[in-house]
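The values are calculated or read from the model by the stated rules, or taken from the named source; none is laboratory data. From a predicted model like this one, the values you see are computed outputs, not experimental measurements. All Cβ positions, even for glycine, are placed from backbone atoms using ideal geometry, and neighbour counts span all protein chains on display. Quick note on the areas: whole protein, heavy atoms, side chains included, nothing else; ligands and nucleic acids left out. Shrake-Rupley method; radii C 1.70, N 1.55, O 1.52, S 1.80 Å.
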Amino acid sequence: MSIIKLHDKYFKKYISQEKINNSIQDLVDQVYKDHKNETPLFIGILNGSFMFMADFVRQYKGNCEVSFVKLASYQGTNSTGNIKQLVGINENLEGRTVVILEDIIDTGNTLEELYKIFNTKKLKHLRIATLFFKPDVFKKDLPINYIGIPIPDKFIVGYGLDYDGLGRNLPSIYQLTKSPSMKNIVLFGPPGAGKGTQAELLKSKYGLIHISTGDVFRYNIKNNTQLGKLAKSYMDDGNLVPDEVTIHMLEEKVNETPNAKGFIFDGFPRTTSQAEALDKFLLDKGETISGMVALEVPEDELVHRILERGKTSGRPDDQNEPKIRHRFNEYHAKTEILKDFYLIQHKYYGINGVGTIEEITERLCNVIDKL
């Protein structure tokens with residue numbers, strides 16, 4: 001998911017799970033190098049550090065012990081600056097090496113409280129390791145021994161961090177962002193489902209820009225561009241056009257209307273990689289896909305529709321039933337998996353695509369009005 005909503009605020013994907021894992025491994029290697037000849041006590045700061053703590057300890061190669069302390073300073077998206085100790089340390093720590101594992105250090109108020117707590121414990125060493133660090137707002141003259149990922153002073157959630165209780169279970173980090181201003185619809189369905197007809201009706205009703213992959217391809221083919229020549233060779237054989245060609249065409253089309261209220265994507269994305277590329281492209285603009293609305297029609301009905309269309313369309317691939325069936329095989333093998341991609345994001349809406357144009361439009365609008 002590129003943009004998510006938690007309570008009343010929106011967050012965009014900021015730091016990937018892979019980058020987090022790599023940073024943790026670097027921290028583990030540094031700590032192990034310094035303490036491989038002893039048994040350090042790792043102390044996690046609840047609630048936020050539980051995921052960091054678990055992954056850190058799993059990757060640590062040496063002997064270690066684990067404990068926790070719970071402190072609180074956040075309310076909503078702001079640090080109150082007032083630290084209250086909720087759960088203390090009961091172990092005898094005299095002569096021990098303690099490594100504090102923090103999920104994030106910003107102003108340093110929590111860190112200051114930690115130093116006050118542990119300065120009375122007669123430790124051998126006190127070390128501080130933090131996964132995330134906000135250097136722009138760090139106000140304390142206190143040492144931080146191991147730093148994972150420095151970040152700007154913007155509120156983040158995920159990987160143990162929350163916004164009013166939500167978001168801790170996200171495997172990646174998301175950053176607070178503005179509310180998306182566009183309504184972006186993926187109009188989905190197999191060949192012959194009527195996407196183009198419905199898109200034309202919907203764009204008028206909602207003031208959206210209709211981007212048809214077919215229209216974009218035909219424009220390039222008509223103008224004999226290099227991309228057009230390549231696209232035509234695939235389309236004539238009933239195959240899908242390669243992702244990199246399609247993505248490049250569509251991005252250029254979107255950029256032509258930067259002030260649009262939103263877009264109806266008709267025939268795009270067709271593969272998971274295209275959907276991921278579209279998410280990234282929109283995320284860079286602070287936008288996201290509002291929903292995939294799919295027209296669901298039985299295959300035999302679709303074959304009949306396409307053969308009828310072929311009588312007037314002039315398209316070779318609309319006049320040959322074996323090629324039409326091959327297009328459906330391509331659809332099921334490569335494109336239908338997009339249903340799962342958007343289901344995971346809670347953005348998939350299946351619509352009965354059999355009926356009059358007016359009936360189908362009404363069903364579509366009932367969903368789009370709620371997005």
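May I ask what percent, to the nearest 5, of DSSP beta bridges between residues of the chain are antiparallel?
Values: 18 of 56 bridges.
About 30 percent, rounded to the nearest 5.
Given labels modelled 7 Å from the Cα in the Cβ direction, how far is it in nm from Thr257 to Asn366?
2.8 nm
Can you check what the Kirkwood hydrodynamic radius comes to for the stretch 260-319, Cα pairs only, in Å to one decimal? List each step's numbers first, then the result.
Working: mean 1/r = 0.0703 Å⁻¹.
14.2 Å is the Kirkwood radius here.
Taking a ≥ b ≥ c as the square roots of the eigenvalues of the Cα gyration tensor of the stretch 11-64, is the shape rounded (a/c under 1.5), prolate (a/b larger than b/c) or oblate? Don't skip to the end; give the middle numbers.
Numbers: a/c = 3.16, a/b = 1.70, b/c = 1.86.
It is oblate, given that a/c is not under 1.5 and a/b is not larger than b/c.
By its C-alpha gyration tensor, with a ≥ b ≥ c as the square roots of the eigenvalues, how is the stretch 152-309 shaped: rounded for a/c under 1.5, else prolate for a/b larger than b/c, else oblate?
prolate
Can you give the Rg/Rh ratio of the stretch 265-371, where Rg is from the C-alpha atoms and Rh is the Kirkwood radius? Walk me through the numbers before you get to the answer.
Details: Rg = 15.7 Å, Rh = 15.6 Å.
We get a ratio of 1.01 for the stretch 265-371.
How large is the dipole of the chain about the Cα centre if only Lys and Arg carry +1 and Asp and Glu carry -1, each at its Cβ, rounded to the nearest 20 debye? All intermediate terms of the calculation are to be shown ahead of the outcome.
Values: 48 positive and 49 negative charges, 132 e Å.
Once rounded to the nearest 20, the dipole reads 640 debye.
Equivalent-ellipsoid semi-axes (√(5λ), Cα gyration tensor) for the chain, whole Å, largest first?
Numbers: eigenvalues 594, 86, 59 Å².
After diagonalising the Cα gyration tensor, the semi-axes are 54, 21, 17 Å.
Quick one: go through the stretch 165-182 and flag any residue whose amide nitrogen is under 15 Å from the point 7 Å out along the Cα-to-Cβ line of Asn21.
171-173
Roughly how many whole Å is it from the C-alpha centroid of the stretch 320-371 to that of the stretch 141-205?
23 Å
For Phe50, what accessible area in Å² do you get when you roll a 1.4 Å probe over the heavy atoms of the protein chains, rounding to the nearest 10?
90 Å²
With the full set of protein chains in place, find how many percent of the accessible area of the chain is carbon and sulfur; take the probe as 1.4 Å.
Working: 8590 of 18210 Å².
Its accessible area is 47 percent carbon and sulfur atoms.
Give, in whole angstrom and from largest to smallest, the semi-axes √(5λ) of the equivalent ellipsoid of the stretch 80-178, with λ running over the eigenvalues of the Cα gyration tensor.
Values: eigenvalues 138, 45, 34 Å².
They are 26, 15, 13 Å, listed largest first.
When the Cα centres of the stretch 18-73 and the stretch 239-294 are compared, how far apart do they sit, in Å?
Centre-to-centre distance over Cα atoms comes out at 40 Å.
Sort the stretch 185-234 into rounded, prolate or oblate with this rule: let a ≥ b ≥ c be the square roots of the eigenvalues of the Cα gyration tensor; rounded if a/c is under 1.5, and if a/c is not under 1.5, prolate when a/b is larger than b/c, oblate otherwise. Before the final figure, lay out the partial values.
Numbers: a/c = 3.26, a/b = 1.88, b/c = 1.73.
Taking the square roots of the gyration eigenvalues as a ≥ b ≥ c, the stretch 185-234 is prolate.
Calculate one ³J(HN,Hα) per residue across the stretch 58-69 by plugging θ = phi - 60° into the Karplus curve 6.51 cos²θ - 1.76 cosθ + 1.60, and present them in order as whole Hz with x for glycine and proline.
Each residue of the stretch 58-69 in turn: 4, 8, 6, 7, x, 6, 7, 10, 10, 8, 9, 9 Hz.
With every protein chain kept in place and ligands, DNA and RNA left out, what is the accessible area per residue of the stretch 222-371? Probe 1.4 Å, answer in Å². Please report the intermediate quantities before stating the final value.
Values: 7880 Å² over 150 residues.
The answer is 53 Å² per residue.
For the residue pair Asp164 and Ala54, what label-to-label distance in nm results when each label sits 7 Å from Cα along the Cα-to-beta-carbon direction?
With each label placed 7 Å out from Cα toward Cβ, I get 2.6 nm.
For Gln319 paired with Glu200, estimate the spin-label separation in nm (one decimal), with each label point 7 Å from Cα along the Cα-to-Cβ line.
The modelled label-to-label distance comes out at 2.2 nm.
If you place +1 on the Cβ of every Lys and Arg, -1 on the Cβ of every Asp and Glu, and leave all else neutral, what size is the dipole of the stretch 161-228 about its Cα centre, to the nearest 20 Debye?
240 debye
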